[in-house]
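See structure below.
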Amino acid sequence: MRKIDMIVVHCSGSRCDHRYTLEQLRHDHVVVNGWRDIGYHFYITLEGVVYPCRPVERMGAHALGYNAHSIGICYEGGLDPDGHPADTRTPRQRERLEELLTILRQLYPQALITGHNHLTPHAPKACPCFDAEWEYRWI
């Protein structure tokens, strides 16, 4: 069993007014990137549907240097209609992300909830386009 000490929140980097389906995500990760599967463990669509992707027991491919001991969650969106980084989470995505993080913290109480942007100080990223550590500090 993997030791999990981090839960990393991501955005798909897609425009909030264009769909980025689970099938598109799978295509980009498997066909384009050449990975065996989607790199995230969970994907949350605009409607708040939570799709389990990579099994939590398997190492993810979502945060270089942190994959061996983390769980990756990605929400659909992260760019405004003009393509600029923005917190585009729908109310349903917010609800479902909070529910999922609460469950995962119960399973992995020592895990830090963080955003992808907090893991890349040498190469700043906007992802997930909000401060996940601050927003979920109470979980």
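Every condition in (1) open to solvent by 40 Å² or more (accessible area, probe 1.4 Å); (2) part of a loop (DSSP other than H, G, I, E, B) holds for Val30 except the one numbered (2).
Every residue in segment 125-139 that is under 19 Å from Gly77 (Cβ atoms), in contact with a strand residue (DSSP E or B) (Cβ under 6 Å, 6 or more places away or on another chain) and not aromatic (Phe, Trp, Tyr), please. Hits for segment 125-139 are Ala126, Cys127, Pro128, Cys129, Ala132. Where strands (runs of 3 or more DSSP E) fall entirely within segment 41-98, those with at least 1 residues that are farther than 20 Å from Pro109 by Cα and open to solvent by less than 20 Å² (accessible area, probe 1.4 Å) are at 42-44, 70-75. The set of residues from segment 17-44 being among the hydroxyl-bearing types (Ser, Thr, Tyr) and over 22 Å from Met6 (Cα atoms) comprises Tyr20, Thr21. For Tyr108, work out the one condition from (1) within 18 Å of Ile139 (Cβ to Cβ); (2) among the hydroxyl-bearing types (Ser, Thr, Tyr); (3) surrounded by 21 or more Cβ atoms within 10 Å (Cβ to Cβ) it doesn't fulfil. (3) is the only condition that Tyr108 fails. Applying the criterion of being open to solvent by 20 Å² or more (accessible area, probe 1.4 Å) and of a type outside the set (D, E, K, R) to the residues of segment 7-21, the residue that is nearest to Ile113 (Cα to Cα) is Ser12.
Taken over segment 111-124, the criterion of being in contact with a strand residue (DSSP E or B) (Cβ under 7 Å, 6 or more places away or on another chain) and open to solvent by 40 Å² or more (accessible area, probe 1.4 Å) is satisfied by Leu112 alone. The sole residue among Pro109, Pro121 that is part of a loop (DSSP other than H, G, I, E, B) and modelled with pLDDT of 95 or more is Pro109. Taking every residue in segment 41-67 that is in contact (Cβ under 8 Å) with a residue 12 or more places away in the chain and on the phi > 0 side of the Ramachandran plot and pairing it with any residue that is surrounded by 16 or more Cβ atoms within 10 Å (Cβ to Cβ) and not hydrophobic (A, V, I, L, M, F, W, C), at least 6 positions away or on another chain, the pairs with Cβ-Cβ distances below 8 Å are Gly48/Thr90; Gly48/Gln93; Gly48/Arg96. Test Thr102 against the criterion of being under 16 Å from Asp5 (Cα atoms) and either at pLDDT below 95 or β-branched (Val, Ile, Thr) (or both), and give yes or no. It is true that Thr102 is under 16 Å from Asp5 (Cα atoms) and either at pLDDT below 95 or β-branched (Val, Ile, Thr) (or both).
The values are calculated or read from the model by the stated rules, or taken from the named source; none is laboratory data. Since we're looking at a predicted model, the values are computed, not measured. Heads up, the Cβs are rebuilt from the backbone with ideal geometry, glycines too, and the neighbour counts pull from every protein chain shown. For the accessible areas, the whole protein counts, side chains as well, though only heavy atoms, and no ligand, DNA or RNA atoms are used. Shrake-Rupley method; radii C 1.70, N 1.55, O 1.52, S 1.80 Å.
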